[in-house]
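Novice: To start, I am sharing the structure in question, which I have written as structure tokens.
Please treat every number below as a calculation from the coordinates, not as lab data. In this text, all values refer to a predicted model and were calculated from it rather than measured experimentally. Positions of Cβ are generated from backbone atoms using ideal geometry, with glycine treated the same way; all protein chains shown enter the neighbour counts.
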Amino acid sequence: EKGGYEHFMLKEINEQPRSIADCMRGRLDAQAGRLIVGGLRDYINKFQNADRIIIIACGTSWHAGLVAEYLFEEFARIPVEVEYASEFRYRNPVINEGDFVIAISQSGETADTLAAIELAKSKGATIFGVCNVVGSSIARATHAGSYTHAGPEIGVASTKAFTAQISVLTMMALMLGYQRGTLAESKYMQLLNELEAIPAKVEKALESNAQIEYIASQYKDARNFLYLGRGYNFPVALEGALKLKEISYIHAEGYPAAEMKHGPIALIDEEMPVVFIATKDSSYEKIVSNIQEVKARKGKIIAVVTEGDTSVKSMADHVIEIPATHEALVPLLSVIPLQLLSYHIAVMRGCNVDQPRNLAKSVTVE
Ligand code: M6R
């Protein structure tokens, strides 16, 4: 059942080229210039004319929501708020009929997300679900939705569900932007092609496994980790840190790299591994200076970079390359080495990777 892998998590990490392709199948045909997220059909007007998009989720699904915030705002120019379901539901939030709410959940059973949906529904908002489990409570409670089609995810640490969620949300953002006229046709076509190329690039990213295993062996006894990224890679930093803490029990924090100087930089010394997600994108120069700041304080630098990078390579203790893609699609690739890093560290520490202590696959209690 683990398909020859030692753990479900590793199997699921390796399934991503296929699960992302499954998620896009029947929806995206770049050659024909066609992109249809079927679940949106009946609510397309509400979506196109939304005053605001509110995304509600927990944990890793919340991180996918943060990536979506960047996508929707960049391509569709609709303001987005990303909310922890648990905070949203208890604070008497302002919800209007013009709000389009997207609930993201792998299991479709998360109690707080479900309760937040009911609350938004009672205020007249339109609720759209992005779930993995077919027929789940959240899938049933929403007005409409799209499944992620990642297949069953058994490991408690979410991996392939995360990349499938981002794939669906990316397709939604591109479709919306194109239809609203905020995303030009030529750029739209280019993005469709880039998106279609993602599964093969994920396959390529997975080839760094042995190198990542070596890096894991060097840092498995660290007491803390810091993960830093900017822009589209900021949510990936949060996700990398969450993956590490939940399965290896090492304390890790994710931060937007520019926030480092507002506090976390005080933590840096020669004992502190810092994982930078420093791909070639619009914030590259900025993150390079953040790397210099860490280096000056003798922090250990592990960097995820774009193939062929030289500047970061000259500064970092370790670099892990991923293929180049459009900046907005980078999370689908940059998260892969972070999943593998946490996996190998957890295995080396003798942790129960698939069923970490104190955690359940779906959190059905509040
Ligand atoms: O099933 P859901 O996507 O609603 O679950 C949300 C979180 O409980 C979940 O993502 C959790 O954070 C994972 N263990 C992260 O790997």
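Novice: For TYR214 and ARG18, what does the FRET efficiency come to when R0 = 25 Å and r is the distance between their Cβ atoms, rounded to the nearest 0.05? Walk me through the numbers before you get to the answer.
Specialist: Numbers: r = 26 Å, r/R0 = 1.05.
Step by step, r from the Cβ atoms, then E = 0.40.
Novice: Moving on to the next point. About the Cα centre of segment 232-299, what is the dipole size in debye to 20, counting +1 per Lys and Arg Cβ and -1 per Asp and Glu Cβ, all else neutral? Provide the component values of the computation, followed by the final result.
Specialist: Working: 8 positive and 10 negative charges, 26 e Å.
My answer is approximately 120 debye.
Novice: When the Karplus curve 6.51 cos²θ - 1.76 cosθ + 1.60 is applied with θ = phi - 60°, which whole-Hz ³J(HN,Hα) does each residue of segment 223-239 get, with x for Gly and Pro?
Specialist: Once θ is set to phi - 60°, the couplings for segment 223-239 become 8, 9, 9, 10, 10, 10, x, 10, x, 4, 8, 5, x, 5, 4, 4, 5 Hz.
Novice: If you filter segment 1-105 for GluC sites (Glu not before Pro), then keep DSSP loop positions with at most 10 other Cβ within 10 Å, what is left? Please list the in-between numbers first.
Specialist: Details: sites: GLU1, GLU6, GLU12, GLU15, GLU69, GLU73, GLU74, GLU81, GLU83, GLU87, GLU97; in loops: GLU1, GLU6, GLU15, GLU97.
Taking segment 1-105 and a limit of 10 other Cβ atoms within 10 Å, the loop GluC sites (Glu not before Pro) found are GLU1, GLU97.
Novice: Among rounded, prolate and oblate, which fits segment 17-157 when a ≥ b ≥ c are the square roots of the eigenvalues of its C-alpha gyration tensor, a/c under 1.5 means rounded, and a/b larger than b/c means prolate? Walk me through the intermediate numbers first.
Specialist: Details: a/c = 1.68, a/b = 1.19, b/c = 1.41.
Oblate, because a/c is 1.5 or more while a/b does not exceed b/c.
Novice: What order do you get for GLU327, GLU285 when you list them from fewest to most C-beta neighbours inside 10 Å?
Specialist: Numbers: GLU327 19, GLU285 8.
Sorted ascending by nearby Cβ count, the order is GLU285, GLU327.
Novice: With a cut-off of 8 Å between alpha carbons and a minimum separation of six or more residues, what is the relative contact order of the chain in percent? The partial results should precede the final answer.
Specialist: Details: 750 pairs, mean separation 71.3, N = 366.
Over the chain, the number comes to 19 percent.
Novice: Still on this model: Under unit Cβ charges (Lys, Arg +1; Asp, Glu -1), what dipole magnitude, rounded to 20 debye, does segment 1-131 have relative to its Cα centre? It would help to have the intermediate numbers written out before the result.
Specialist: Values: 14 positive and 19 negative charges, 71 e Å.
Computed charge dipole of segment 1-131: roughly 340 debye.
Novice: On to the next question. Report the label-to-label distance for ARG91 and GLU196 in nanometres (one decimal), using points 7 Å from each Cα along the Cα→Cβ vector.
Specialist: Output for this residue pair reads 4.2 nm.
Novice: Separate question: Output the pairs from LYS11/LYS245; LYS220/LYS295; LYS243/LYS300; LYS46/LYS361; LYS261/LYS313; LYS187/LYS261 with a Cα-Cα distance over 28 Å in this structure; if there are none, say none. Display every interim value, and only then the final one.
Specialist: Details: LYS11/LYS245 20 Å; LYS220/LYS295 20 Å; LYS243/LYS300 19 Å; LYS46/LYS361 33 Å; LYS261/LYS313 23 Å; LYS187/LYS261 35 Å.
Where the Cα-Cα span goes over 28 Å, the pairs concerned are LYS46/LYS361; LYS187/LYS261.
Novice: Let me ask something else about it. When the helix-only estimate is applied to the chain (DSSP H runs of n ≥ 4, each -39,500 (n - 2.57), divided by the residue count), what is the mean residue ellipticity at 222 nm, nearest 500 deg cm²/dmol? Write down the numbers at each step before the final one.
Specialist: On the way: 14 runs with 157 residues, N = 366.
Counting only the DSSP helices, I get -13000 deg cm²/dmol.
Novice: Given +1 on the Cβ of Lys and Arg, -1 on the Cβ of Asp and Glu, and no further charges, what dipole in debye does the chain carry about its Cα centre, rounded to the nearest 20? Display every interim value, and only then the final one.
Specialist: Working: 36 positive and 44 negative charges, 36 e Å.
Here the size comes out at about 180 debye.
Novice: Taking Cα centroids, how far is segment 105-169 from segment 244-322 in Å?
Specialist: That distance is 32 Å.
Novice: Another question about this same structure. May I ask for the net charge around ALA85, where only other residues with Cβ less than 14 Å from the Cβ of ALA85 are counted and Lys, Arg are +1 while Asp, Glu are -1?
Specialist: On the way: positive: ARG89, ARG91, LYS121; negative: GLU81, GLU83, GLU87, GLU109, ASP112, GLU118, GLU366.
With Lys, Arg at +1 and Asp, Glu at -1, the neighbours total -4.
Novice: What distance in nm separates the simple spin-label points at GLU293 and ARG41, each placed 7 Å from Cα in the Cβ direction?
Specialist: Calculated label separation equals 5.0 nm.
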